[in-house]
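Trainee: My questions will all concern the structure given below.
The values are calculated or read from the model by the stated rules, or taken from the named source; none is laboratory data. The structure displayed is predicted, hence computed values, not measured ones. Methodologically, a virtual Cβ is constructed for each residue, glycine included, from the backbone with ideal geometry; neighbour enumeration extends over all protein chains shown.
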Amino acid sequence: MKSRTRARIDGTRSAWGAAISAPVLEGLLVTLLGLDLIEAPARGMGAPSWGTLMGTVLSDAEVQQALHQLPGWKKSHGAIERLFQFDSFVQAMEFVNKIAEAAEAVNHHPDILINYNQVTLTLISHDSGGVTQRDIKMAARINDLAPA
């Protein structure tokens with residue numbers, strides 16, 4: 001009976017499946033997560049950590065700088081948020097449905113508060129513990145979807 005081995009990141013084996021070599025693992029991370037594990041250390045950024053994989057929390061200054069490019073957004077309680085006003089509840093819900101589709105497409109979902117014809121959207125990367133580039137990009141996408 002064949003013994004099964006378990007793959008380890010360092011390429012060695014333990015109990016269960018075949019070993020995964022570092023180049024193969026690196027290729028998977030680059031392909032699946034869009035990570036550049038070779039260039040990051042070469043630019044003096046060091047090897048990525050789990051926090052880097054999930055998104056680096058932006059400093060207050062970086063958030064404020066980004067908000068200058070995001071009309072209507074403000075920093076609030078460690079997150080960024082924007083209030084949208086509509087003529088009717090139906091218009092508010094149509095907007096929320098557009099946001100839901102955009103959020104699903106990138107797997108990054110805002111907190112949504114609906115008060116009749118007002119919609120408040122709040123963005124924070126809970127898995128990273130603050131505002132990241134994912135939130136800034138999602139806020140820009142939301143602004144693109146907002147009625148003029």
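Trainee: What's the number of the only condition in (1) modelled with pLDDT under 95; (2) surrounded by 15 or more Cβ atoms within 10 Å (Cβ to Cβ); (3) among the aliphatic types (A, V, I, L, M) that residue 148 fails to meet?
Mentor: Condition (2) is where residue 148 drops out.
Trainee: Still on this structure: Consider residue 93 carefully, then state whether it is in a helix (DSSP H, G or I) and under 15 Å from the mean Cα position of the chain (by Cα).
Mentor: Considered against the rule, which asks whether it is in a helix (DSSP H, G or I) and under 15 Å from the mean Cα position of the chain (by Cα), residue 93 comes out as no.
Trainee: Starting from segment 77-99, take each residue that is over 18 Å from residue 135 (Cβ atoms) and list its partners that are part of a loop (DSSP other than H, G, I, E, B) and aliphatic (A, V, I, L, M), counting only C-beta distances under 8 angstrom and pairs at least six apart or across chains.
Mentor: 95/146
Trainee: Does segment 103-148 hold any residues that are among the aliphatic types (A, V, I, L, M), farther than 17 Å from residue 70 by Cα and in a helix (DSSP H, G or I), and which are they?
Mentor: Scanning segment 103-148 gives 103, 105, 106.
Trainee: Kindly indicate whether residue 39 is out of contact with any Lys or Arg (no Cβ under 6 Å at 6 or more places or on another chain), exposed (fewer than 12 other Cβ atoms within 10 Å of the Cβ) and either outside the structural domain of residue 117 (by TED's automatic domain parsing) or at pLDDT 95 or above (or both).
Mentor: Taking the combined requirement at face value, the residue satisfies it.
Trainee: Identify the single condition in (1) on the phi > 0 side of the Ramachandran plot; (2) surrounded by fewer than 13 Cβ atoms within 10 Å (Cβ to Cβ) that residue 104 does not satisfy, given that it satisfies every other one.
Mentor: (1)
Trainee: So, one more: Answer yes or no as to whether residue 125 is loosely packed, with under 14 Cβ neighbours inside 10 Å and either of a type in the set (S, T, N, Q) or in contact (Cβ under 8 Å) with a residue 24 or more places away in the chain (or both).
Mentor: no
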